[in-house]
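The values are calculated or read from the model by the stated rules, or taken from the named source; none is laboratory data. What you see is a predicted model, and the numbers here were worked out from it, not measured in a lab. Methodologically, a virtual Cβ is constructed for each residue, glycine included, from the backbone with ideal geometry; neighbour enumeration extends over all protein chains shown.
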């Protein structure tokens, strides 16, 4: 069996902190900069933070659920951690790259492994033009906002907005409306993962927009371009009997 140098980080919740103490009493942990694998203890939100915080290290991440839903996490168990890491299945995730032109002339950039959402930032509905790969697809969308989601993120905010669940490996992105008013019956679109989506604010003075890439937020968006990044991917590790692909499929049959 390969001997892995393991780092462990936790969300700070009582459950995660207790789990960290238990694990640290059994395994010798190193700082993330010196490890082969990072173990993350918390929920899905903390896993996203861990991905972003340690992205530059290029280390695979093995999450264990010490939160609530834990869709992206393995079960927490104290025993056999090195054995589980050895047997784990790798999933490579590529983020969405967001580039937003702001009302004050700034350009804000961010990465999102779940989704980029563009939503109204006032009591007025958002009015946006939708262009995909340079072709105008909707001259005017009116509603609360729009979500561009990865396959890994399709069961999160995208699903709560009635967007489609996307199987991993399908090479698709989802464009999902949030409370659409016009076109009233438009349900969104599936796009190839190579698509570049540009959303333009048609009325920035009266109808300001906010954009969120995972947990990065910017306000006063004039236009935003969203597309899959070709760098900065993250590797997640999953127990073979608890694969992310299986959970994405099973979620489609959850009633």
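Within region 79-97, does at least one residue satisfy the condition of being assigned to a helix (DSSP H, G or I) and under 15 Å from the mean Cα position of the chain (by Cα)?
Checked region 79-97: no residue is assigned to a helix (DSSP H, G or I) and under 15 Å from the mean Cα position of the chain (by Cα).
Yes or no, residue by residue, for (1) touching a helix residue (DSSP H, G or I) at 6+ places or on another chain (Cβ under 7 Å); (2) assigned to a helix (DSSP H, G or I); (3) under 28 Å from residue 59 (Cβ atoms):
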residue	(1), (2), (3)
178	no, no, no
190	no, no, no
222	no, no, no
227	no, no, yes
237	yes, no, yes
248	no, yes, yes
253	no, no, no
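Answer yes or no as to whether residue 12 is part of a loop (DSSP other than H, G, I, E, B), under 24 Å from residue 215 (Cβ atoms) and within 23 Å of the chain's Cα centre (by Cα).
yes
Examine region 189-211 for a residue that is under 15 Å from the mean Cα position of the chain (by Cα) and at pLDDT 95 or above, and state whether such a residue exists. Even if it seems obvious, please write down each step before you answer.
Keep residues of region 189-211 that are under 15 Å from the mean Cα position of the chain (by Cα), which gives 193, 211.
Next, from what is left, pick out any that are at pLDDT 95 or above: 211.
Yes, the conditions are met somewhere in region 189-211.
Looking at region 17-28, is at least one residue assigned to a loop (DSSP other than H, G, I, E, B) and under 29 Å from residue 171 (Cβ atoms)? Give the derivation first.
Of region 17-28, the ones assigned to a loop (DSSP other than H, G, I, E, B) are 25-28.
The next check asks that each one be under 29 Å from residue 171 (Cβ atoms); those that pass are none.
No - not one qualifying residue is present in region 17-28.
Mind listing whichever residues of region 54-78 are part of a loop (DSSP other than H, G, I, E, B) and more than 16 Å from residue 241 (Cα to Cα)? Reasoning before the result, please.
Our first condition is that a residue be part of a loop (DSSP other than H, G, I, E, B); within region 54-78, this holds for 54, 58-60, 66-73, 75-78.
Hits for region 54-78 are 54, 58, 59, 60, 66, 67, 68, 69, 78.
Tally up the residues in region 29-46 that are in contact (Cβ under 8 Å) with a residue 60 or more places away in the chain and part of a helix (DSSP H, G or I), please.
Going through region 29-46 one residue at a time, the tally reaches 2.
Specify the residue that is nearest to residue 160 (Cα to Cα); the eligible residues are those in region 192-220 that are surrounded by fewer than 18 Cβ atoms within 10 Å (Cβ to Cβ) and in contact with a helix residue (DSSP H, G or I) (Cβ under 9 Å, 6 or more places away or on another chain).
Restricting to residues being surrounded by fewer than 18 Cβ atoms within 10 Å (Cβ to Cβ) and in contact with a helix residue (DSSP H, G or I) (Cβ under 9 Å, 6 or more places away or on another chain), the top hit is 215.
Can you confirm whether region 175-183 contains a residue that is within 18 Å of the chain's Cα centre (by Cα) and closer than 26 Å to residue 55 by Cα?
Within region 175-183, one or more residues are within 18 Å of the chain's Cα centre (by Cα) and closer than 26 Å to residue 55 by Cα.
Counting only residues that are in the same structural domain as residue 209 (by TED's automatic domain parsing), without any contact (Cβ under 8 Å) to a residue 12 or more places away in the chain and loosely packed, with under 14 Cβ neighbours inside 10 Å, give me the strands (runs of 3 or more DSSP E) lying completely in region 103-176 with at least 3 of them. Explain how you work it out, then say what you get.
Details: elements: 107-112, 115-120, 126-132, 135-149.
In region 103-176, the matching strands (runs of 3 or more DSSP E) lie at 135-149.
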